[in-house]
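Taking it in order: structure first as structure tokens, then the write-up.
The values are calculated or read from the model by the stated rules, or taken from the named source; none is laboratory data. What you see is a predicted model, and the numbers here were worked out from it, not measured in a lab. Glycine gets a Cβ as well: all are built from the backbone with ideal geometry, and neighbour counts include every protein chain shown.
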Ligand SMILES: Cc1ncc(COP(=O)(O)O)c(C=O)c1O
């Protein structure tokens, strides 16, 4: 495998092939710790002493993604659809990328993969299609627990005649409880929009259960997976939602996003393509003006990487080799175990502090949460805490993160917001220890 040599990591913690990171059960038949040293070597930005804990804002990019991007721009930068070999090859790369995204999310049909510039843009686009199918009296359920990207587009459908009903989260934990959704559903419900994982709380919602409830009344479920996808394997078939979107710049890739939709639904909905694009022509009718070729093709690098993570204890899978879905699942299982190990000491420290409120669950359980931890302190404003931490070369962040309705529900001033520490699998226990040492006298 190209580029497999491991570069030094930030703090001389290069040997965090941490013997403490052990899987509690077999992964693909063989328990393996995540080799964090190898992982960090695949992210070219992770070289200096800066501790990057603002991954919820956007993660660092993978070297294989940069390589794929570079290769496309330098060697394949032609318009698709011509008969000369280079155009044919470029077209093949784009199809490969679409299949790679399908593998990443376990879509059964690559044509169900719609790509676009951002989750916000894709949700807005699909909401406007759904709006064109609304009938008088149709109801839409949205949540105050979501990022605004999965609220605003649906709220705008009020102007097109929809009645909006709000599913409110638990006022203590901020978590969405399906039992609170039940009374909001009826035969007029057309769609429910929810988040898989809150970008503030890190808690994981039971999407499959909600999908059953929503389908029980014949409605559609649209899920924002932006804060879930960097941490756990998205499986659109198991989840059972009708629409699922997330952004690759938070999942180790570029500013590019995917909206998955069930094929029959995408075929039924009015598109945004040119008049000569047929209504059966998915995903093209939802990609007006076509997709960004180079960013789409660069996504192959994310799948390359998950193939490496699956195989890194046993020798490389050659770059460009077909990576099976099982590799994605295996890689994410190892990621989840590592994340839980990062989260636990931070939560323990925060829980022990008087005057500190952890926003969301205080469990480190990887089935219940991802490695996003938010809190407020009665001793200092969130802004003061973050500014003080900045001075130690550790990047965290405060604010409402476009989830100010959630903060309102929790009684938190959305102006100052929460302190958010958003970690991903390339972060290390040594980095968490360093943050704890810095936070200790501050909160
Ligand atoms: C949970 C969540 N949903 C949606 C978005 C919007 O994603 P994009 O920037 O791709 O529009 C974000 C971005 O921060 C997010 O955190």
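Just to be sure I understand, how many residues within region 177-190 are in contact with a helix residue (DSSP H, G or I) (Cβ under 8 Å, 6 or more places away or on another chain), surrounded by fewer than 16 Cβ atoms within 10 Å (Cβ to Cβ) and touching a residue at least 40 places away in the same chain (Cβ under 8 Å)?
Number of matching residues: 0.
Matching residues to (1) within 16 Å of the ligand (Cβ to nearest atom); (2) without any contact (Cβ under 8 Å) to a residue 12 or more places away in the chain; (3) part of a helix (DSSP H, G or I); (4) crowded, with 24+ Cβ neighbours inside 10 Å:
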{"position": "380", "(1), (2), (3), (4)": "no, no, no, no"}
{"position": "383", "(1), (2), (3), (4)": "no, no, yes, no"}
{"position": "392", "(1), (2), (3), (4)": "no, no, no, no"}
{"position": "398", "(1), (2), (3), (4)": "yes, no, no, no"}
{"position": "405", "(1), (2), (3), (4)": "yes, no, yes, no"}
{"position": "408", "(1), (2), (3), (4)": "no, no, yes, no"}
{"position": "413", "(1), (2), (3), (4)": "no, yes, no, no"}
{"position": "427", "(1), (2), (3), (4)": "no, no, no, yes"}
{"position": "434", "(1), (2), (3), (4)": "no, no, yes, no"}
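Out of region 242-267, which residues are out of contact with any helix residue (DSSP H, G or I) (no Cβ under 6 Å at 6 or more places or on another chain) and without any contact (Cβ under 8 Å) to a residue 60 or more places away in the chain?
248, 264, 265, 267
Please go through region 352-361 and pick out each residue that is surrounded by 16 or more Cβ atoms within 10 Å (Cβ to Cβ) and in a loop (DSSP other than H, G, I, E, B).
Matches in region 352-361: 353, 360, 361.
Return the residues of region 362-378 that are without any contact (Cβ under 8 Å) to a residue 60 or more places away in the chain and surrounded by fewer than 19 Cβ atoms within 10 Å (Cβ to Cβ); say none if nothing qualifies.
362, 363, 365, 378
Within region 317-325, can one find any residue that is within 16 Å of the ligand (Cβ to nearest atom) and crowded, with 23+ Cβ neighbours inside 10 Å?
Within region 317-325, none of the residues are within 16 Å of the ligand (Cβ to nearest atom) and crowded, with 23+ Cβ neighbours inside 10 Å.
Tell me, yes or no, whether region 269-280 has at least one residue that is surrounded by 22 or more Cβ atoms within 10 Å (Cβ to Cβ), away from the ligand (no atom under 16 Å from the Cβ) and either under 26 Å from residue 322 (Cα atoms) or free of Cβ contacts under 8 Å to residues at least 60 places away in the same chain (or both).
The answer is no; no qualifying residue exists.
Look at residue 102 and say whether it is crowded, with 16+ Cβ neighbours inside 10 Å and within 16 Å of the ligand (Cβ to nearest atom).
no
What residue, among those in region 145-171 that are under 20 Å from the mean Cα position of the chain (by Cα) and surrounded by fewer than 19 Cβ atoms within 10 Å (Cβ to Cβ), is nearest to residue 403 (Cα to Cα)?
Among those residues, the one meeting the criterion is 148.
Taking the criterion of being touching a strand residue (DSSP E or B) at 6+ places or on another chain (Cβ under 9 Å), buried (at least 18 other Cβ atoms within 10 Å of the Cβ), at pLDDT 95 or above and assigned to a loop (DSSP other than H, G, I, E, B), would at least one residue in region 36-46 satisfy it?
yes
Note down all Cβ pairs under 7 Å where the first residue falls in region 139-155 and is over 14 Å from residue 220 (Cα atoms) and in contact (Cβ under 8 Å) with a residue 12 or more places away in the chain, the second is away from the ligand (no atom under 12 Å from the Cβ) and part of a loop (DSSP other than H, G, I, E, B), and they're at least six residues apart or on different chains.
Sorted first by the residue in region 139-155, then by its partner, the pairs are 143/169; 143/176; 144/168; 144/169; 145/169; 145/174; 145/176.
Residue check: is residue 174 more than 30 Å from residue 366 (Cβ to Cβ), touching a residue at least 60 places away in the same chain (Cβ under 8 Å) and surrounded by 15 or more Cβ atoms within 10 Å (Cβ to Cβ)?
Spelling it out, it is not the case that residue 174 is more than 30 Å from residue 366 (Cβ to Cβ), touching a residue at least 60 places away in the same chain (Cβ under 8 Å) and surrounded by 15 or more Cβ atoms within 10 Å (Cβ to Cβ).
When you scan region 301-309, do you find a residue that is at pLDDT below 95, closer than 23 Å to residue 78 by Cα and more than 16 Å from the ligand (Cβ to nearest atom), even just one?
There is no residue in region 301-309 that is at pLDDT below 95, closer than 23 Å to residue 78 by Cα and more than 16 Å from the ligand (Cβ to nearest atom).
Please go through region 229-254 and give me each residue that is more than 16 Å from the ligand (Cβ to nearest atom), surrounded by 20 or more Cβ atoms within 10 Å (Cβ to Cβ) and within 30 Å of residue 40 (Cβ to Cβ), ordered by number.
Listed by number, the residues that qualify are 233, 236.
Conditions: (1) part of a helix (DSSP H, G or I); (2) more than 13 Å from the ligand (Cβ to nearest atom); (3) under 29 Å from residue 273 (Cβ atoms). Residue 180 meets all but one. Number of the miss?
(3)
Hey, among the residues in region 206-228 that are in a loop (DSSP other than H, G, I, E, B) and touching a strand residue (DSSP E or B) at 6+ places or on another chain (Cβ under 9 Å), which one's surrounded by the most Cβ atoms within 10 Å (Cβ to Cβ)?
Only one residue fits best here, namely 227.
Out of everything in region 108-160 that is within 13 Å of the ligand (Cβ to nearest atom) and out of contact with any strand residue (DSSP E or B) (no Cβ under 9 Å at 6 or more places or on another chain), what residue ends up being nearest to residue 297 (Cα to Cα)?
Taking the candidates together, the pick is 124.
Do the conditions hold for residue 289, that is, is it without any contact (Cβ under 8 Å) to a residue 60 or more places away in the chain and away from the ligand (no atom under 16 Å from the Cβ)?
Criteria met by residue 289.
For the condition modelled with pLDDT under 95 and closer than 20 Å to residue 338 by Cα, what is the one hit in 361, 425?
Within the list 361, 425, the selection yields 361.
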